[in-house]
Amino acid sequence: MGSRDRKRAERRKRKRRGAQRDAPSPDGDGNAASSAAEPATPAAPSRSELKDQAAREALEPLREGERPGAVTVGAVVSTLMAAVFWVSAVVALVTEIEVSGSEPRPAPLVLFAVVLSLMAYGMWRARYWAVLGFQALLVLIMLSAGLGLVQVTTVLQAIGTLLILGGAGALFYFMVKALARIQMPQRSPRE
């Protein structure tokens, strides 16, 4: 018998033992239905589940028109980034400037500018999808800044990259609680 067959046989034995353990055992009269009719007592929640429950209960949903501070900062940052992309798209369209030996194409710049503008508008209105999308963008910024630390050549580059990494990380951290307060929108059931 090979090792694969042996492991398969042991796994089958364990499954049979588990099924026998989970099956209701017959009581003194040989009646298995009486033990199945009794409701099973639920297991006590773990400490982490209790902490999670307490954190959820402590959260207050946003009032109408309210926007958390981290989301406001995210909307401003997104607006500034969109403005940079809009200006870059106009410069790429109007001038014949070269970046790294080639002319930049305006179409991708316009696409990023539109996405960032929509994200800024959504965060200003405290929309769940916009905050979640901005958090995904922050993760990409943190990853690229972290990888960029490998290639720094001057102290000034290292300080700038660390500031970007720290700023994006702090904004991401504070947006987590804000995202929980915004709550995912309820979908209406289909008819």
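The values are calculated or read from the model by the stated rules, or taken from the named source; none is laboratory data. The shown structure was predicted, so the numbers you read here are calculated from the model rather than taken from an experiment. Here the Cβ is made from the backbone with ideal geometry for all residues, glycine too, and neighbour counts use every protein chain on show.
Can you give me the number of residues within the range 124-161 that are within 30 Å of L62 (Cβ to Cβ), of a type in the set (A, V, I, L, M) and surrounded by 17 or more Cβ atoms within 10 Å (Cβ to Cβ)? Within the range 124-161, residues that are within 30 Å of L62 (Cβ to Cβ), of a type in the set (A, V, I, L, M) and surrounded by 17 or more Cβ atoms within 10 Å (Cβ to Cβ) number 7.
When we screen V139, V152 for residues that are modelled with pLDDT of 95 or more and of a type outside the set (D, E), the only hit is V139. Of everything listed in (1) touching a Phe, Trp or Tyr at 6+ places or on another chain (Cβ under 9 Å); (2) part of a helix (DSSP H, G or I), the single unmet condition for R67 is (2).
Residues that are surrounded by fewer than 12 Cβ atoms within 10 Å (Cβ to Cβ) and touching a Pro at 6+ places or on another chain (Cβ under 9 Å) do not occur anywhere in the range 166-176.
Applying a threshold of 6 Å to beta carbon distances and a minimum spacing of six or more residues, or different chains, the list of pairs starting in the range 50-78 at a residue that is closer than 18 Å to Y121 by Cβ and ending at one that is among the small types (G, A, S) and surrounded by 14 or more Cβ atoms within 10 Å (Cβ to Cβ) reads R67/A126; P68/A178; A70/A178; V71/A126; V71/A178; A75/A120; S78/A120.
Among the residues of the range 161-175, are any out of contact with any Ser or Thr (no Cβ under 6 Å at 6 or more places or on another chain), outside any helix (DSSP H, G or I) and hydroxyl-bearing (S, T, Y)? Within the range 161-175 (the criterion being out of contact with any Ser or Thr (no Cβ under 6 Å at 6 or more places or on another chain), outside any helix (DSSP H, G or I) and hydroxyl-bearing (S, T, Y)), the answer is no, since none of the residues qualifies. Residues in the range 37-69 that are under 16 Å from V176 (Cα atoms), modelled with pLDDT of 75 or more and surrounded by 11 or more Cβ atoms within 10 Å (Cβ to Cβ): D52, A55, R67, P68. Pairs meeting the criteria (first residue in the range 7-33 and in a helix (DSSP H, G or I), second residue exposed (fewer than 11 other Cβ atoms within 10 Å of the Cβ) and at pLDDT 60 or above, beta carbons under 9 Å, at least 6 apart or on different chains) are A9/M1. For E98, the criteria (1) of a type outside the set (A, V, I, L, M, F, W, C); (2) modelled with pLDDT of 85 or more; (3) out of contact with any helix residue (DSSP H, G or I) (no Cβ under 8 Å at 6 or more places or on another chain) hold in every case but one, which is (2).
Of the numbered criteria (1) at positive phi; (2) in contact with a Leu (Cβ under 7 Å, 6 or more places away or on another chain), the one G101 fails is (2).
Only one of G74, G69, G65, G148 is on the phi > 0 side of the Ramachandran plot and either more than 20 Å from the chain's Cα centre (by Cα) or of a type outside the set (D, E, K, R) (or both); which? Even if it seems obvious, please write down each step before you answer.
Values: G74 fails: on the phi > 0 side of the Ramachandran plot; G69 fails: on the phi > 0 side of the Ramachandran plot; G148 fails: on the phi > 0 side of the Ramachandran plot.
Answer to the selection: G65.
L138 - would you say it is closer than 15 Å to A70 by Cα and either out of contact with any Phe, Trp or Tyr (no Cβ under 9 Å at 6 or more places or on another chain) or touching a residue at least 24 places away in the same chain (Cβ under 8 Å) (or both)? Yes; evaluated as a whole, the condition is true for this residue.
Looking only at the range 102-123, which residues are exposed (fewer than 13 other Cβ atoms within 10 Å of the Cβ) and of a type in the set (S, T, N, Q)? Matches in the range 102-123: S102 only.
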